[in-house]
Amino acid sequence: MKHTKDVEINLGRYLANGLYPLSLGIGLLIALCFPITYYFLEYQGCERTAAHYAKKTTDTLKEIVIASPNLWKYQIYTFTEIGRDLSQDSDVISIQIHDAKGVLIPNFQYNLQSNEARAWWNRRAPAGTADIIFNNEKIGWVEIRISQKYVLLKTALLFFISATAGILLAFLSYHFPIRVVQRLESELQELFSNMQKAYKESDRLRHAAQESEKRFRGLVDGLDAIVWEADADTRQFTFISHQVENLFFISQDKWLAAADFFKEQISPDDRERVLEAYQRSAEKEVDCQLEYRRIRKDGSSVWVQDNIKIVIDEKEQKKQLRGVMVDISKKKQAEDALNTLNRELHNSVQLLEQRNLEISTFHEMSEMFQLCRDREEAYRIIGVVAQKLFPQDSGVFYTLDTSRNMLDLTFAWGEEVKHKSLFSPDACWALRRGRTPWTFSNNQLTCKNIGCEISHKCTCIPMLSQGETIGVFRLNITSAEEQSSGTNKLDYETKFQLATCMTEHIAMAVANLSLRETLRYLSIRDPLTGLFNRRHMEETLLRELMLAERTKRKFGVIMMDLDHFKLFNDMHGHDAGDSVLREFGNFLLGNIREYDIACRYGGEEFICILPESTLENTLERAEELRRNLMSFSVEHLGRQLGSVTISAGVAVYPEHGTTEATIVKAADEALYCAKKSGRNRVVAAVATGEKDAAEGTLVALDAQH
């Protein structure tokens, strides 16, 4: 060892003495070669650039020669432009143009600055030449020189950097080996001192190992765990601590004598898994940790955690398994209790989330109900909410019809259950009992409207609002399992409460919609005739006018008046007059198209709006109404009141007006003309373009009587 270190020290000293001059020479060589090479390459590049500028100048002069073959030498302005262009974008210091004999043309000469051109660094400036060819004959040549000032500056800077690098390299080549030699000498001295300390430490460790073995034996005996060792091939314990007797009540000798890791004592549920883990750990030589149950001598089971480590005996070339077995029964009990609490907490969280979902759903349902315009929209919202609140169940929703003597199936969702689509209120036990929900299953009394056997729990909830029956809601718990379970019973009760709450919200919303529909009906309908009132007529007329204007279509307006209605009132009384108006309203509703709009304009005047109708069609419809009414009679208090006739005026958009006011006015004028012409007839308004000086003249179409 010492001889080797001496050789290394001598070699380091030799290298330090020999490499220093060599490194210094290499550094100086680098300091000279790099700048010279760089200057040579840059000089050639400048010559190529100068030649390129010269070629560019000859191309420009060639154009001048072609334009003025005899006067090109006198184009001073053009040469000034060439010189200015080259000097702006390059380092050109001089431009000289010679004729074919080599004589310098004084007009075509440019020097950047006389001092700059005569400077010592530009005495050998890179130059480039190019010939001026005209008609395949050389008539002159151009010489351009480029300044090499910056090339020399860069070369000087590179020389400084290279020289610095070379000197630094020489310094490091000398300093580094000296430092290495000094470090080796110190290491050698330290090695000798460490060897002496190692001999002393070896004796101390031998004594300490003996003491450690004694302490380990005492520690193993005092551990509250079982330390064991087994042969990986024979699966037999070779060592096991005495704690095994206290935990399993089985002697050490029986553990050591039993084969195959004493597998009969492992719980049958875990036996296969544990033996496979032992074998896999031995084959793959990997450590493992197992938790399983072992059977005590008294038959009770104990949860243990077995930490297994694979060890290879280098002397005998055998694999051994070593492990520490710890009783974790209390830990398992605590984990089971914690899992139970986690499940309860999870159920509580799910219950809270469900409650939040229900509250938000009810809130959304209430908001949507406020935006509903009719019951159909409300029924669709109820269907969506019911599916959201009871996704795993099924149900149906019935509402009373307008006659209030039958219940109609409004919607159904979930598992298909046969329900009657129409039944009387007496068929449902929930409606008989009032507000109390009626719950039944397949072994209880069911409602008459159930079309099949129910194999799950079911409830019927009446929907009442202010004492009036609106409908009934039936919920079928299709996700039910054992009804005897306390958890399921709680789930049923929760769902029943939720269904009851939802039914109350729905009943209130449907009642509000019914009230809104009634108010809307009263706001747009005439209470006597059942026709639309004047306000709705004006809104409809404006809407039809805008639609006709956008689609370029026509629509007609018929204004009608009952002939001699005032005389009729005076003869038979106002009650009889009201009967006539009421029956006439029914007559109009029965003799117009579904999309026509019949309105009471005021008193005995009526208006019909006919969308997409021409003048001919409108006249034909008005004449048909007038003719059918002649065979119509009204009966009041058991006596006939006689026949009724009408006078009608017809106007069509856009012939008779482009606004609602002008169209109504045109129809009114036509009606006035019909009444003035003898009544019981139909008159059409005159088109705007056909009116004469006496504006408003109407043409009467007398009916054939």
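The values are calculated or read from the model by the stated rules, or taken from the named source; none is laboratory data. The structure displayed is predicted, hence computed values, not measured ones. Cβ coordinates were reconstructed from backbone atoms using ideal geometry, including for glycine residues, and neighbour counts include every protein chain displayed.
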Handout entry: Scope the range 620-645; condition over 19 Å from residue 678 (Cα atoms) and among the acidic types (Asp, Glu); matching residues
Key = 620, 635
Handout entry: residue 598 being part of a strand (DSSP E or B), touching a Gly at 6+ places or on another chain (Cβ under 9 Å) and among the small types (Gly, Ala, Ser)
Key = yes
Exercise for the section: Restrict the check to the range 380-388 and report whether at least one residue is more than 14 Å from residue 463 (Cβ to Cβ) and not in a helix (DSSP H, G or I). Expected result: no
Exercise for the section: Scan the range 495-534 residue by residue and report those that are in contact (Cβ under 8 Å) with a residue 60 or more places away in the chain and more than 30 Å from residue 600 (Cα to Cα). Expected result: 495, 498, 499, 500, 501, 502, 505, 506, 509, 510
Handout entry: Test: residue in the range 251-262 that is within 25 Å of residue 332 (Cα to Cα), assigned by TED's automatic domain parsing to the domain that holds residue 319 and modelled with pLDDT under 80
Key = yes
Completion exercise
The residue from 641, 615 that alone is assigned by TED's automatic domain parsing to the domain that holds residue 548, within 30 Å of residue 542 (Cβ to Cβ) and either crowded, with 17+ Cβ neighbours inside 10 Å or in contact with a Ser or Thr (Cβ under 6 Å, 6 or more places away or on another chain) (or both) is 615
Exercise for the section: Return yes or no: is residue 267 polar (S, T, N, Q) and surrounded by 14 or more Cβ atoms within 10 Å (Cβ to Cβ)? Expected result: yes
Practice task
Search the range 518-556 for residues being part of a strand (DSSP E or B) and of a type in the set (A, V, I, L, M, F, W, C), and hand back the single one that is surrounded by the most Cβ atoms within 10 Å (Cβ to Cβ).
Solution key: 555
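One line per residue, one yes/no per condition, for (1) at pLDDT below 85; (2) surrounded by 11 or more Cβ atoms within 10 Å (Cβ to Cβ); (3) small (Gly, Ala, Ser); (4) outside the structural domain of residue 499 (by TED's automatic domain parsing):
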site	(1), (2), (3), (4)
278	yes, yes, no, yes
281	yes, yes, yes, yes
284	yes, no, no, yes
293	no, yes, no, yes
296	no, yes, no, yes
319	yes, yes, no, yes
335	no, yes, no, yes
359	yes, no, no, no
369	yes, yes, no, no
Practice task
May I ask you to verify whether residue 562 is closer than 23 Å to residue 661 by Cβ and either crowded, with 19+ Cβ neighbours inside 10 Å or modelled with pLDDT of 85 or more (or both)?
Solution key: no
Practice task
Answer yes or no: is there a residue in the range 623-631 that is in a loop (DSSP other than H, G, I, E, B) and over 59 Å from the mean Cα position of the chain (by Cα).
Solution key: yes
Handout entry: In the range 389-431, the residues that are assigned to a helix (DSSP H, G or I), modelled with pLDDT under 75 and over 11 Å from residue 474 (Cα atoms)
Key = 425, 426, 427, 429, 431
